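So the structure is just underneath, and the comments pick up after that.
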Amino acid sequence: MVIQLLQLGRVSYADGLAIQKQVIDARKQGEIGDTLLLLEHPPVITLGRNAHRSNIVASDEFLAARGVELHEINRGGDVTYHGPGQLVGYPIFDLRGESPGKKGPHLGAVDYVRMLEEALIRTCADFGVMTQRVCGRTGVWTHAGGSIAEKKIAAIGVHVSQGVTSHGFALNVTADLREFDWIVPCGITDKKVTSLDLEVEDGREPAATMANAANSAAKQMGRVFERQVLQVESLEDLLKSA
């Protein structure tokens with residue numbers, strides 16, 4: 001069993017949705033295997049199924065002047081920001097396939113999200129950044145200590161249709177955190193966000209770059225889901241295998 005990896009670079013959110021749809025359709029038809037898309041988006045705000053419009057703090061005029069798009073989508077969760085310096089992962093997995101920890105005919109959605117969190121926790125650990133889950137709050141968080149509260153470093157929001165997943169995770173690597181002030185991230189008012197490069201000790205290797213984070217995330221997804229990860233060069237090559 002393998003995970004096919006396609007790294008897309010920076011693509012618009014609309015293009016990302018269109019690519020996801022092509023891959024999802026092929027996966028539902030059994031034409032391709034489980035696939036992980038890794039990419040980066042220009043500034044965009046997305047509203048999940050449980051989103052409250054009031055959690056977008058910036059005005060429509062402010063966002064339009066900066067070219068920030070808004071998209072209402074079918075993933076779980078509230079309001080999320082994506083932008084340069086943030087590693088976005090869209091795993092297109094069939095939860096009815098073989099997965100570690102599967103207790104029935106398919107892997108449960110909650111168990112799947114816990115596995116995504118585990119892969120991201122291990123990714124952060126590759127850079128010497130210790131992270132954790134926080135009870136009742138999906139995503140990955142830095143450890144609290146003394147007067148320092150935990151901070152969110154990765155967000156997760158997924159959708160499952162006919163057993164096949166879409167959307168996924170967003171790990172702040174070198175993101176400009178000031179742009180998160182445009183929203184109330186995931187509707188959480190009492191916690192801050194952070195990024196991998198801010199948490200990594202100076203001079204530590206590997207450096208917290210997008211390329212290094214993508215390589216680490218792909219590796220850890222393979223380990224958590226107990227699959228070999230094989231990279232394909234293009235969407236055409238991926239779908240050609242169908």
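The values are calculated or read from the model by the stated rules, or taken from the named source; none is laboratory data. What you are looking at is a predicted structure, and each value in this text was computed from that prediction instead of being measured. Neighbour counts run over all protein chains shown; Cβ positions are idealised from the backbone, glycine included. We work out accessible area using only protein heavy atoms, side chains counted, and drop any ligands, DNA or RNA first. Shrake-Rupley method; radii C 1.70, N 1.55, O 1.52, S 1.80 Å.
Observations
- All of (1) open to solvent by less than 50 Å² (accessible area, probe 1.4 Å); (2) touching a residue at least 60 places away in the same chain (Cβ under 8 Å); (3) of a type outside the set (Phe, Trp, Tyr); (4) at negative phi hold for residue 71 with one exception: (2).
- Residue pairs meeting the criteria (Cβ under 6 Å; at least 6 apart or on separate chains; first touching a residue at least 12 places away in the same chain (Cβ under 8 Å), in the range 1-28; second of a type in the set (Lys, Arg)): 1/227; 2/227; 3/227
- Selection within the range 5-16: residues that are closer than 13 Å to residue 73 by Cβ and out of contact with any Ser or Thr (no Cβ under 9 Å at 6 or more places or on another chain). The member of this set that is surrounded by the most Cβ atoms within 10 Å (Cβ to Cβ) is 16.
- Those strands (runs of 3 or more DSSP E) of the range 116-213 in which at least 2 residues are basic (Lys, Arg), considering only elements entirely within it, cover 151-161.
- Close Cβ contacts (under 6 Å, 6 or more residues apart or on different chains) running from residues in the range 108-131 that are over 15 Å from residue 152 (Cα atoms) to residues that are open to solvent by 40 Å² or more (accessible area, probe 1.4 Å) and of a type in the set (A, V, I, L, M) comprise 109/160.
- Residue, most open to solvent (accessible area, probe 1.4 Å), within the range 86-102, restricted to residues that are assigned to a loop (DSSP other than H, G, I, E, B) and in contact with a helix residue (DSSP H, G or I) (Cβ under 7 Å, 6 or more places away or on another chain): 101
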